[in-house]
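> Sharing a structure here in structure tokens format.
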Amino acid sequence: MRSLNRSRLGRQIVKLALCFLLGILILLIPGLQLQLTAVPSQAIVEQNTATTEQGIPNRQELESFMDEFFAEQMEELHVPGATVALVKDGEVFFTKGYGYADIDKQMAVTPDQTVFRVGSVSKLFTATAIMQLVDRGLLNVEDDVNKYLQDFQIESTYPDPIRVRHLLTHTSGFSQHYIGIAARSEAERLSLAEYVEEYQPPRVRPAGELYSYSTYDSDLAGYIVEVVSGVSYEEYVTQNILQPLDMQRSTFSQTLPEQLATNLATGYEYEDDSYETTPYLYLNIVPAGGMSTTATDMTHFMLAHLQNGRYGEQRILSEKSAQEMRQQQFTDHPKLPGIGYAFHERFKNRQRILAHSAIFLGYTGLLSLIPDQDLGLFIAYNKFDPKFHERLTSQFLDRFYPVAEAEVPQPLANHHNRLRLFTGTYRDFEYPEHTIAKISSLFNHVSVNAKDDGTLEVHFPEGFFATIPPQDNFVRLLEVEPLIFYRYNDDDFVVFEQSDRGNITHMYHPLDLGPAGFEKLPWYETTYFHIPLAIFFLIAFLSAIWVGIRNIIQRRSQSAQQHKPMASWAWLVAGLVSLLYLVFPISMGLALLLNEPTDLIYGVPLIMVALLWIPIVAALISILLPIFAVLVWQKQYWSWWGRLHYSIITVAILGFIPFLDYWNLLGFRF
């Protein structure tokens, strides 16, 4: 689950909790800037065709490479156990296990027995199931998804409907939703029908317009599989994919059968020089990330897709549907990698790779197909760290499919004078616009700056790559065609989009695991505006509390003639509202600290739900402040400075209401 993509589970949840804490304490901290990443594009394939000898000579040389890589990288990255499988030319070429599935039990990893949770690789099975139903004439990828929804409907926010193919390409236009994706036990887990109805995110853009990784897209596709087939998603996939492919040690059940549970690799995190086990998640989002499997079983799935839907004597897809899954179905720009049906396109060493990551709490992995080489590579391991599989991919390709360096293209004439057009702050599309988790978008801000040498510099600090392979913090770009920039770091391209008025609106900057889009933010949505605004609120609230306390103390020493009740009440109300507004983020932060960060994936803790009443109560009381402000000017209470101070406090308190609303902290939005 990349977006748990970019739908994105393990560290994403921790990141979400930390982001949320960061956001609700925004009154006390400075803003963030974040960092970008990169993927080779098809244009590179066309630039330079000079290569050296390519291919895997034999199994022995491959095993030697794998042994050396796993020994070195597992130690460096503290990966307890891993498994790898490679298929080539229609057969299983290599499988092997390394390290431990369970450290305490000293249980070794074996490719045919050890079960790993493979997160978002599940989406490939969901897309395969949809295409099977297409083969049988039971649905059409061009159909409106509402045709198949029985108990609820998708709102017609935009003129064009969401079609089935949009779910398979992450172009539905739904917002992200991170909260409530899992349960603590099987008994608490929602059915797929319950989940897709209860947690339906709003549509935030027209379908088919932009790529934005979404777990909900896959869950809705899985629900359509249930509706059309008449059986549960798990039952359908078992009968129509797992059994025909002889994947006997694979399941989508969240309560594993005993023969699989005893061989399930324990998920780990490495903190403070020690391994800690991660909790077992009972997912509500089974079609998006609920699969458990072995490396050997995954070889069957890879072979079926490389052989156009056929595995041995079995056929799970027609040739046409298998080819459609591998074909590019959407891209943000012809120069950039795109997506097939669930398969994400990437270009490395001039090889077109179709891949999907497996990101989960305590587990990571990657499935990659290179159709032109009739090759598939699968890796899974029991620790969250995408660096591991990205290093394997890069080193494997450099070793067996090396290429000569591409030539740097010539810059666009007069490109120096165009740089300011592109500078500013951009935000990743993948954030929950409609829930309290919107504060996580602070980690998705990208800074683009002009350099004296005629290039652009894209910068993100640590944090943005918590769920994707970390790459360079600074990415240098050179404009080589109008709106198209060459990326020095990895010989790839970045594309900007311009409105009819000539303003830059989007930046498409592919990640290692697929497309990625960023919207250019207006000044009032940047941290450069929100941080100073938050500081203004903080100063105003503290001053109101201080004056309110001072008035209470002075009131005790005043005579009856000196006392002015209305003036005292004015400051008491201002101080009370200010105190509530300060207590709210602090108490929310403490609530997060007292609960496990992963609790948010089960839903919002009750203590946090109760605390969300605080800003509602404060907002209702604050209605009195403009009334008091008018009266103190009319009756000339206090000095001119005192009346001005109170007016500023009133503006701050009233202004804090839309500030809370912007961050979805006014009301119960989760």
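> If you go through the range 115-154 one residue at a time, how many are assigned to a loop (DSSP other than H, G, I, E, B) and either among the polar types (S, T, N, Q) or more than 28 Å from the chain's Cα centre (by Cα) (or both)?
8
> Any residue at all in the range 258-275 that is closer than 30 Å to residue 508 by Cβ, surrounded by 24 or more Cβ atoms within 10 Å (Cβ to Cβ) and of a type in the set (Phe, Trp, Tyr)?
No, there is no match, as no residue in the range 258-275 is closer than 30 Å to residue 508 by Cβ, surrounded by 24 or more Cβ atoms within 10 Å (Cβ to Cβ) and of a type in the set (Phe, Trp, Tyr).
> Here is a follow-up. Only one of (1) surrounded by fewer than 24 Cβ atoms within 10 Å (Cβ to Cβ); (2) touching a Gly at 6+ places or on another chain (Cβ under 8 Å) is not met by residue 320, so which one is it?
Checking residue 320 against (1) surrounded by fewer than 24 Cβ atoms within 10 Å (Cβ to Cβ); (2) touching a Gly at 6+ places or on another chain (Cβ under 8 Å), the one that fails is (2).
> Tell me, which residue of the range 77-114 that is part of a loop (DSSP other than H, G, I, E, B) and charged (D, E, K, R) is nearest to residue 377 (Cα to Cα)?
Out of the qualifying residues, it is 89.
> If you don't mind, there's one more thing I want to ask. Answer with yes or no whether residue 188 is under 10 Å from residue 284 (Cα atoms) and surrounded by fewer than 19 Cβ atoms within 10 Å (Cβ to Cβ).
yes
> Okay, next question. Can you tell me how many residues within the range 197-214 are of a type in the set (D, E, K, R), part of a loop (DSSP other than H, G, I, E, B) and in contact with a strand residue (DSSP E or B) (Cβ under 8 Å, 6 or more places away or on another chain)?
0
> Let me ask something else. If residue 249 satisfies all but one of (1) more than 24 Å from residue 299 (Cβ to Cβ); (2) more than 25 Å from the chain's Cα centre (by Cα); (3) surrounded by 15 or more Cβ atoms within 10 Å (Cβ to Cβ), what's the number of the condition it fails?
Only one criterion in (1) more than 24 Å from residue 299 (Cβ to Cβ); (2) more than 25 Å from the chain's Cα centre (by Cα); (3) surrounded by 15 or more Cβ atoms within 10 Å (Cβ to Cβ) is unmet by residue 249, namely (1).
> Then there is this: Sort out which residues of the range 173-195 are closer than 16 Å to residue 225 by Cβ and part of a loop (DSSP other than H, G, I, E, B), and write them in order of number.
191
> Kindly indicate whether any position in the range 649-657 is over 33 Å from the mean Cα position of the chain (by Cα), surrounded by fewer than 20 Cβ atoms within 10 Å (Cβ to Cβ), not assigned by TED's automatic domain parsing to the domain that holds residue 442 and not in a loop (DSSP other than H, G, I, E, B).
yes
> Still on this model: May I ask you to list the residues in the range 308-362 that are within 21 Å of residue 390 (Cβ to Cβ), among the β-branched types (Val, Ile, Thr) and either in a loop (DSSP other than H, G, I, E, B) or at pLDDT 95 or above (or both)?
Of everything in the range 308-362, those that are within 21 Å of residue 390 (Cβ to Cβ), among the β-branched types (Val, Ile, Thr) and either in a loop (DSSP other than H, G, I, E, B) or at pLDDT 95 or above (or both) turn out to be 339, 353.
> Please find, among 213, 178, 236, 195, the residue that is among the aromatic types (Phe, Trp, Tyr) and in contact with a Pro (Cβ under 8 Å, 6 or more places away or on another chain). Don't jump to the end; show me each part of the working.
Details: 213 fails: in contact with a Pro (Cβ under 8 Å, 6 or more places away or on another chain); 236 fails: in contact with a Pro (Cβ under 8 Å, 6 or more places away or on another chain); 195 fails: in contact with a Pro (Cβ under 8 Å, 6 or more places away or on another chain).
It is 178.
The values are calculated or read from the model by the stated rules, or taken from the named source; none is laboratory data. Remember, predicted model here, so these are calculated numbers, not experimental data. Cβ atoms come from the backbone with ideal geometry, glycine included; neighbour counts cover every protein chain shown.
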